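Reviewing the structure listed below.
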Number of protein chains: 2
Amino acid sequence: MLRRGFGGFAYQHIAVQLGIRNAAIHYHFPSKDDLGVALVQRYRGGFHAWVADLPSGWSSWQTLRAYFETYGRYLQGEACRLCPGGALAAEFETLPEPMRHEVRLLMRDIHQWLSDTLETGRREGVLRFQGQPSDKAIELAAALQGGLQTARLIGTQRFYQLLDQLALELTGETPACDAGAMP
Amino acid sequence: MLRRGFGGFAYQHIAVQLGIRNAAIHYHFPSKDDLGVALVQRYRGGFHAWVADLPSGWSSWQTLRAYFETYGRYLQGEACRLCPGGALAAEFETLPEPMRHEVRLLMRDIHQWLSDTLETGRREGVLRFQGQPSDKAIELAAALQGGLQTARLIGTQRFYQLLDQLALELTGETPACDAGAMP
DNA sequence: GTCTATATCCGGATAGAC
DNA sequence: GTCTATCCGGATATAGAC
């Protein structure tokens, strides 16, 4: 789904990879909508687990940098995947309503976490940005999601440069993560 | 296509709106691929025409602000459309190769124009940003495209706030366009 | 150039054996 | 829980009349 979108993948794709028949998938997920909803719920649960597992000693910038790296990971392998939010927001109009609801929840949680992290980071002096944290959060999320999509057109290297650019603006210095050197 | 994506719209949708039959569309565009390629070419031509029509007296910030406003226009009406780049980059994997080529050209032209505009604006002192113009151009384009997609989830108001946020960072002051007051 | 009618294919979904 | 076989709807595409 992260490669082809919800409307772009078929039971057949899964069946071939698992070496089963698509009827077997229908046993676990009666309709494609059910499968879609379960996937988004899994993504959201994964995000919550990721946030919960962050080392408590990390600064806001360290956690934000780690979040950037999760996006870099979507490009690893020959897959060139999108982030869940980017794949699903783009085809939001054609999604069944139950999926739309889950996507809204996922996006809300990400924005909330980003906003909190940005606010804390600025208060502690490790992050710099103008405007409201909630607005900056939406800008960051949009840039990451749009950049990931564009990476498939113009090359992954450009996406790592985008990560560096975002880091440069947030910290005011050359990024410590050196995303440009990532694989 | 800007609402449902290339894979998400059918000849039927067009036929109903035009009050014709889908066979009539096939007369003009034998295959859906042909229609898709023609659409992207039209978008690119429209962008070139838009750039060519910019008043020669405008500053870099005035033209950039006008570019932002074209994105705000995608949200007008009840359509809630995406920008061509955002709609097509998201489903790039499933696009036929001739369309991919056109999308790459469109994205390249937009990035090039943005980069040039940013560079000029900074040199003339009307725009402020860190890093290379080419990197900032990709960040801007990604934020606009991702933000437009996200607007359908969280409301158009948030997108206008994003435009304000981008303007604030580029000019260092409250945006003159007051995008937050747009319809 | 547009119509009616139809061919063709694909993907989601179900029935029933095992 | 997975299989084979089949149904069904939707979408691209074509043939031929007008």
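Values quoted throughout were computed directly from the atomic coordinates according to the rules given, and no laboratory measurement underlies them. Predicted model only: the values in this text are computed from it and were never measured. All Cβ positions, even for glycine, are placed from backbone atoms using ideal geometry, and neighbour counts span all protein chains on display.
Since only B:SER60, B:CYS83, B:ILE25 are under comparison, the one whose Cα sits farthest along the positive direction of the charge dipole of chain B, derived from C-beta charges on Lys, Arg, Asp and Glu, is B:ILE25. Quick one: angle between helix A:133-154 and the longest Cα principal axis of chain A, in degrees between 0 and 90, rounded to 10, please. Long axis of A:133-154 versus the principal axis of chain A: about 60 degrees. Here each label is just a point 7 Å from Cα along the line to Cβ, and for A:TYR27 and A:GLU78 those points are 3.2 nm apart.
With N counted as the residues of the stretch B:63-131, its alpha-carbon radius of gyration over 2.2 N^0.38 Å works out to 1.36. Using Cβ point charges alone (K and R +1, D and E -1), the dipole size of the stretch B:32-181 about the Cα centre works out to roughly 60 debye. Fully extending the segment from A:SER59 to A:HIS101, taken as 0.36 nm per residue of separation minus the present Cα-Cα distance, adds 11.9 nm. Note on chain B: with a GNM built from Cα contacts shorter than 10 Å, the maximum mean-square fluctuation among B:TRP50, B:TRP61, B:TRP113 falls on B:TRP50.
Take each residue in B:160-169, count the other chain C-beta atoms within 10 Å of its C-beta, and the mean is 5. For A:GLN157 and B:VAL51, a Förster radius of 22 Å and the Cβ-Cβ distance give a FRET efficiency of 0.25, rounded to the nearest 0.05. When the alpha-carbon atoms of the protein assembly as shown are used, the pair Rg, Dmax equals 20.7, 65 angstrom. When its C-alpha radius of gyration is set against 2.2 N^0.38 Å (N residues), the stretch A:33-181 gives a value of 1.05.
Relative to the longest principal axis of the Cα atoms of chain A, the long axis of helix A:32-52 makes an angle of roughly 30 degrees.
Distances from A:LEU54 to itself in the other copies, using label points 7 Å out along the Cα-Cβ axis, amount to 3.8 nm in increasing order. Charged side chains reduced to their Cβ positions (Lys and Arg at +1, Asp and Glu at -1) give the protein assembly as shown a dipole of some 760 debye around its Cα centre. The angle between the Cα long axis of helix A:97-124 and the longest principal axis of the Cα atoms of chain A comes to about 10 degrees, rounded to the nearest 10. Contact order for the stretch B:32-181, expressed relative to its length and based on alpha carbon pairs under 8 Å spaced 6+ residues apart, stands at 25 percent.
Placing dummy labels 7 Å off each Cα toward the beta-carbon, the span from B:HIS13 to B:ALA66 is 3.0 nm. Among B:ARG104, B:ARG152, B:ARG21, the residue with the largest mean-square fluctuation in a Gaussian network model of chain B, with springs joining Cα atoms closer than 10 Å, is B:ARG21. Between copies, the label points of A:TYR27, set 7 Å from Cα on the Cα→Cβ line, lie 5.2 nm apart, reported in increasing order to one decimal in nanometres.
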